[in-house]
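Student: Let me give you the structure first, and then I'll get to my questions.
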Amino acid sequence: MITPFHFAFHVTDLDEARRFYGDVLGGDEGRSTETWVDFGLFGHQLSLHLGEPFANAATGKVGEHMVPMPHFGFVLLLDDWKALAERLKAAGVQFVLEPQVRFEGEPGEQWTMFFRDPSGNPIEVKGFRDMAGMLAH
């Protein structure tokens, strides 16, 4: 059984974060105070707190690409992934790694995209035809 995770991290502007996580990513806003706001997103709970975002650098080698580390993200079924990719493009989100397929024809074939929230937090979203592919080797 898959259960939700909770991830708390820093953002530099709550109003900007609300627009991004709510309007662009499609999250549902939950509780909030003057210094933090919760979002439900893809069945998980994110707690966005005012503060300095974690440091990251393009040090993760995946295939032919260097990706930001550390990062967090979501695993979606392919149709949902494609719909999110289109929503992000329509919103003018700048991609660190454009939406694409990797490991094509291999076990673990996946679609991926990397982008940053307005505070610079790196996010990866993966898409699979079925969730069994998530850990295929």
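The values are calculated or read from the model by the stated rules, or taken from the named source; none is laboratory data. Since this is a predicted model, take the numbers as computed values, not measurements. Every residue, glycine as well, gets a Cβ built from its backbone with ideal geometry; the counts of neighbours run over all protein chains shown.
Student: Just a yes or no: is a residue in the range 4-11 in a strand (DSSP E or B) and either closer than 19 Å to Met134 by Cβ or among the aromatic types (Phe, Trp, Tyr) (or both)? Quick ask: steps written out before the conclusion?
Tutor: At the first step, the residues of the range 4-11 found to be in a strand (DSSP E or B) are 6-11.
Keeping just the survivors that are either closer than 19 Å to Met134 by Cβ or among the aromatic types (Phe, Trp, Tyr) (or both) gives 7, 9.
Scanning the range 4-11, I find at least one residue that is in a strand (DSSP E or B) and either closer than 19 Å to Met134 by Cβ or among the aromatic types (Phe, Trp, Tyr) (or both), so the answer is yes.
Student: Is it the case that some residue within the range 40-54 is at positive phi and buried (at least 16 other Cβ atoms within 10 Å of the Cβ)?
Tutor: Quick first cut of the range 40-54, residues at positive phi only: 42-43, 51.
From the residues that got through so far, the ones that are buried (at least 16 other Cβ atoms within 10 Å of the Cβ) too are 42.
Within the range 40-54, one or more residues are at positive phi and buried (at least 16 other Cβ atoms within 10 Å of the Cβ).
Student: Give all pairs with beta carbons closer than 8 Å in which a residue from the range 74-94 that is without any contact (Cβ under 8 Å) to a residue 60 or more places away in the chain and hydrophobic (A, V, I, L, M, F, W, C) meets a residue that is surrounded by fewer than 17 Cβ atoms within 10 Å (Cβ to Cβ) and in a helix (DSSP H, G or I); count only pairs at least 6 apart in sequence or on separate chains.
Tutor: Filtered contacts from the range 74-94: Val75/Met131; Val75/Met134; Leu77/Met131.
Student: Among the listed residues Glu52, Glu29, which satisfies the condition of being in a loop (DSSP other than H, G, I, E, B) and charged (D, E, K, R)?
Tutor: On the way: Glu29 fails: in a loop (DSSP other than H, G, I, E, B).
Only one candidate qualifies: Glu52.
Student: Same structure again: If you scan the range 95-127, which residues turn out to be hydroxyl-bearing (Ser, Thr, Tyr) and in contact (Cβ under 8 Å) with a residue 60 or more places away in the chain?
Tutor: Quick first cut of the range 95-127, residues hydroxyl-bearing (Ser, Thr, Tyr) only: 112, 119.
If the condition is that a residue be hydroxyl-bearing (Ser, Thr, Tyr) and in contact (Cβ under 8 Å) with a residue 60 or more places away in the chain, then Ser119 is the only one that fits.
Student: Exactly one condition in (1) modelled with pLDDT of 95 or more; (2) of a type outside the set (Ser, Thr, Tyr); (3) out of contact with any Asp or Glu (no Cβ under 6 Å at 6 or more places or on another chain); (4) in a strand (DSSP E or B) is not met by Gly40; state its number.
Tutor: For Gly40, the exception is condition (3).
Student: In the range 84-132, which residues are of a type in the set (D, E, K, R) and either at pLDDT 95 or above or closer than 22 Å to Gly60 by Cα (or both)? I'd like the intermediate steps shown before the answer.
Tutor: So in the range 84-132, the residues of a type in the set (D, E, K, R) come out as 86-87, 89, 98, 102, 104, 106, 109, 116-117, 124, 126, 129-130.
Hits for the range 84-132 are Glu86, Arg87, Lys89, Glu98, Arg102, Glu104, Glu106, Glu109, Arg116, Asp117, Glu124, Lys126.
Student: Can you name the residue in the range 40-83 that is among the β-branched types (Val, Ile, Thr) and closer than 19 Å to Gln100 by Cβ and, of all such residues, is farthest from the chain's Cα centre (by Cα)? I'd like the intermediate steps shown before the answer.
Tutor: If we filter the range 40-83 for residues that are among the β-branched types (Val, Ile, Thr), which is where we start, we get 59, 62, 67, 75.
Retained after the next criterion (residues that are closer than 19 Å to Gln100 by Cβ): 62, 67, 75.
On the way: Val62: 17, Val67: 13, Val75: 9 Å.
Restricting to residues being among the β-branched types (Val, Ile, Thr) and closer than 19 Å to Gln100 by Cβ, the top hit is Val62.
Student: Within the range 56-70, is even one residue part of a helix (DSSP H, G or I), touching a Phe, Trp or Tyr at 6+ places or on another chain (Cβ under 8 Å), under 24 Å from His137 (Cα atoms) and touching a residue at least 40 places away in the same chain (Cβ under 8 Å)?
Tutor: Step one: filter the range 56-70 for residues part of a helix (DSSP H, G or I), giving none.
No, the range 56-70 contains no residue that is part of a helix (DSSP H, G or I), touching a Phe, Trp or Tyr at 6+ places or on another chain (Cβ under 8 Å), under 24 Å from His137 (Cα atoms) and touching a residue at least 40 places away in the same chain (Cβ under 8 Å).
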